Each structure stands twice: as C-alpha cells, then as structure tokens.
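Structure first, then comments.
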Amino acid sequence: MARAAPLPRRPRRPEGKPPGGDGRGAKSNASGRYERLAREAVDDGWSEEDLPPLKTELTLETPRKIINYVNSPFVGFDRSINPIRGCEHGCVYCFARPTHAYYGLSPGRDFETKLFAKPAAAELLRRELSTKNYDLKHIAIGTNTDPYQPAEKRLRLMRGILKTLLDFRHPVSVLTKSALIARDIDILKPMAEIGIVKTMLSVTTLDSALARAMEPRASTPKRRLDAIRRLREAGVAVGVMTAPMIPGLNDAELETLLEAAKDAGAQFAGFTILRLPLEVSMLFKEWLEAHYPDRAGKVMRAIRDMNGGRDYDPQWSRSREPRTVYSRLIGDRFAKAIRRLKLDEEPPKLRHDLFRRPVEKTPQLSLFADATHE
C-alpha cells in the first residue's frame with residue numbers, strides 16, 4: 001500500500017468553524033474493539049488554544065478483487081462495490097463505522113479521516129466480469145460507504161467503474177448523499193437509455209443546521225435535491241431515500257422530505273429507521289449529548305423501545321413486520337405519503353439480458369482483421 005498526501009482542506013468559512021462543530025461527525029476516537037490496549041485522549045490543561053483541524057489521510061491499496069459478495073437477509077442484493085473504505089462525509093449514525101475496527105482503527109474519527117482507496121477498481125472490475133464463470137446479478141454501489149465522498153473529486157474512481165459497467169452492459173444501482181453524482185451524467189445517461197442503471201439520493205433532513213451537524217461533509221440537502229432534478233432531466237431513473245428516520249430528531253420531516261424530492265423529480269422512494277450497531281451506539285449518544293442535550297434522553301428511549309430495550313437489535317428494528325408502535329407509525333406515514341405523491345411505484349427493473357464481454361482490441365487482432373480484408 002502507498003500513502004498519498006493529505007486531501008486538500010476545504011476553505012474555512014469567514015466566521016470560523018462550520019455550524020455543528022469542527023466539520024467532523026464523531027466526537028471521539030476510541031480504540032477499536034479488537035485492540036489489546038484502549039487509548040483515550042485526555043485534556044491535560046496545558047493547551048489553551050484550539051487544536052488544528054484534523055486532516056484527511058488517504059492510503060492507496062491494491063486488493064485482489066473489487067466485487068464484495070453479501071449474504072444478508074436484510075438487503076435486496078448479493079454483491080456490491082466499495083471504491084473507498086471509510087467515509088469523509090462523517091455521518092455520525094453511519095452503520096459502516098464498525099468496519100474500521102477490523103483494521104486496527106477507530107470507528108470514530110479514524111473512520112472519517114483515515115481512508116483507503118482502490119485506484120485499480122475499474123481494472124479489477126473488468127477482470128472479474130470477464131471470467132467465464134461470472135454469474136450475472138445487479139451490483140449495488142453506495143450501500144456501505146459513499147462512492148461520491150469528497151475524495152472522489154480527484155480520484156475519479158466511479159467514472160472508471162461506471163464506464164466499465166457500461167462497456168459490459170452490466171446492471172447497477174447507485175446510492176449516495178453527494179451531488180457529485182451529477183458529474184457522471186454523461187455516463188449514466190447512456191446506461192439509462194438501455195435500462196441498466198437506477199440511482200437514489202439519500203436526503204435525511206431539510207434543516208441545514210441539523211444536516212451540517214449530523215452529516216458534516218456530505219452535500220447540503222438543497223444540492224442533493226438539485227442532483228435529483230438533474231438526473232431526472234437527463235432521463236436517469238432516480239429515487240429518494242429518506243434515511244435514517246430518527247425518533248425525536250428528523251422523523252417529523254418525513255412527509256416534507258418526500259414532497260421536496262417529488263418536486264425535484266424523484267420517481268420512487270424508500271426509508272429506513274436508525275440502527276446503532278456496535279460502536280455506533282456510543283458515538284451517536286456522544287453526539288446527541290453534545291448537540292441536542294435537551295432531547296438526548298427522549299431520543300434514546302424511543303430507539304431502545306424499537307429494539308426491545310437495547311440500543312440495537314436487528315431482530316426488532318429490522319424485522320419485516322414492525323414490532324413497535326413507532327415503527328408501525330413511520331411505516332404507515334411513509335406508505336400514505338408515497339401513495340399521495342405517486343412515489344409508490346416500484347423502482348424500474350434493470351435489464352440483465354444485455355450483458356456482454358467486450359472484445360479486447362489488440363495489435364494482433366487488428367493485423368488479423370486487416371489480413372482477412374485483403
């Protein structure tokens with residue numbers, strides 16, 4: 001693995017720190033659960049000045065494969081691609097945070113500041129799709145960490161991945177919180193014309209202050225809605241994911257979010273309820289106490305009620321049939337809203353019958369082709 005230089009820092013706002021703190025979601029950086037020693041930062045009182053802002057470090061890695069195969073009863077796909085591990089968006093509730101513990105890093109601030117990118121993603125994908133025993137099913141991108149986080153601006157990994165998928169006529173779905181997806185409309189549009197792509201923008205709140213605090217480096221809600229509009233105008237199938245719904249924090253916005261997305265051009269919708277696996281629970285509670293101390297207790301009580309008395313229990317909060325009053329209420333409100341707004345259509349079925357393995361152009365083949373014409 002080769003370490004790249006820190007990513008360029010965003011310009012400071014004139015008034016100093018952005019609303020919601022220092023531009024990071026997690027408030028702490030506790031050691032991962034697999035570490036033998038626990039490390040904790042303590043203020044010794046010597047420094048009276050603010051510490052310099054955290055820099056994002058990017059490590060380039062060369063995995064052997066790029067397609068991840070998933071075996072879970074809770075998702076509707078069996079394979080995905082994650083061009084980058086870790087996510088600079090810094091969403092405090094992100095369920096992917098615990099994965100950083102597998103690498104001896106913290107699911108807290110390490111997850112937001114120590115990223116691992118796969119620069120050979122497109123080449124690896126081409127190699128895997130070219131194997132004779134490849135079993136075609138749609139690939140989901142953006143189901144773990146965001147493929148269009150800030151590092152993608154200069155890495156351009158998604159452009160290579162999408163171009164490869166277009167070459168193979170391979171079906172794909174893309175989920176993101178970033179307006180950067182609109183940069184790739186020139187690739188997404190021809191994919192949409194043959195029915196092999198669908199997209200979704202995740203919009204959690206229309207409150208810019210809440211968004212800045214909860215998702216500090218993701219695109220603003222307004223820019224995400226604008227990306228929906230641009231995708232729809234280009235003929236790309238696009239929906240909205242109102243996720244996660246958090247009791248006592250953003251759940252009152254559910255209908256408003258769906259209405260704004262519909263106005264922007266969304267064609268279908270989905271939602272999820274907050275889940276707090278492993279270290280995410282502690283990080284979310286720290287964040288709540290720091291930003292919304294007046295309602296932290298109420299929010300956590302509602303979350304535990306949805307999880308059978310625990311901070312997280314997938315058999316409760318992710319069960320097919322809602323097991324609590326709150327879960328049923330959110331589901332009912334969502335169903336009524338999408339019917340009213342005509343967002344209740346199923347996402348378009350992606351075509352699987354166009355898949356092909358492009359013939360690689362080589363000098364030998366070109367010479368052979370010339371000889372046959374003579």
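Every number in this text was worked out from the coordinates using simple rules, so none of it is lab data. What you see is a predicted model, and the numbers here were worked out from it, not measured in a lab. No Cβ is skipped: glycine too gets one built from the backbone with ideal geometry, and neighbour counts run over all protein chains shown.
Computed quantities for the displayed model
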item	result
Rounded if a/c under 1.5, otherwise prolate or oblate - region 144-222, Cα gyration tensor axes	prolate
Chain lengthening between Ser28 and Tyr103 when straightened (0.36 nm per residue, less Cα-Cα)	25.2 nm
P(r) histogram, all alpha-carbon pairs of region 162-310 included - 5 Å bins from 0, percent	2, 9, 18, 19, 16, 13, 10, 7, 5, 2, 0
Fewest-first ranking of Tyr103, Tyr148, Tyr93, using other Cβ atoms within 10 Å as the exposure measure	Tyr103, Tyr93, Tyr148
Cα pair count fraction exceeding 11 Å, expressed as % - region 202-250	69
DSSP-defined antiparallel bridges as percent of all bridges, the chain, nearest 5	25
Distance cut-off 20 Å, percentage of C-alpha pairs in region 293-353 lying past it	48
Phi to ³J(HN,Hα) by Karplus 6.51 cos²θ - 1.76 cosθ + 1.60 over region 61-67, Hz, x for Gly, Pro	10, 10, x, 7, 9, 10, 8
Length released on extending from Arg156 to Arg295, taking residue separation times 0.36 nm less the Cα-Cα span	46.0 nm
Hydrodynamic radius (Kirkwood) for region 180-266, which is based on Cα pairs only, to one decimal in Å	13.4
Computed over region 246-311, the ratio Rg/Rh where both radii use C-alpha atoms and Rh is Kirkwood	1.06
Diffusion constant of region 50-100 at 25 °C, which comes from Stokes-Einstein with the Kirkwood Cα-pair radius and 0.890 mPa s, µm²/s	176
Order by protection proxy (mean Cβ within 10 Å, highest first), peptides 126-134, 282-290	282-290, 126-134
Order by protection proxy (mean Cβ within 10 Å, highest first), peptides 71-80, 176-185	176-185, 71-80
C-alpha center-to-center spacing [region 54-83, region 136-153] in angstrom	8
Semi-axis lengths (Å, descending) of the ellipsoid that matches the C-alpha gyration tensor of region 218-374	44, 21, 17
Sum of -39500 (n - 2.57) over DSSP H runs of 4+, divided by residues of the chain (222 nm, nearest 500)	-9500 deg cm²/dmol
Computed P(r) (all Cα pairs; region 84-214; 10 Å bins; percent)	11, 39, 34, 14, 1, 0
Förster radius 45 Å - calculated FRET efficiency between Leu60 and Arg320, Cβ distance, rounded to 0.05	0.65
Principal axes of the chain: Cα extent on each, largest first, Å	83, 54, 42
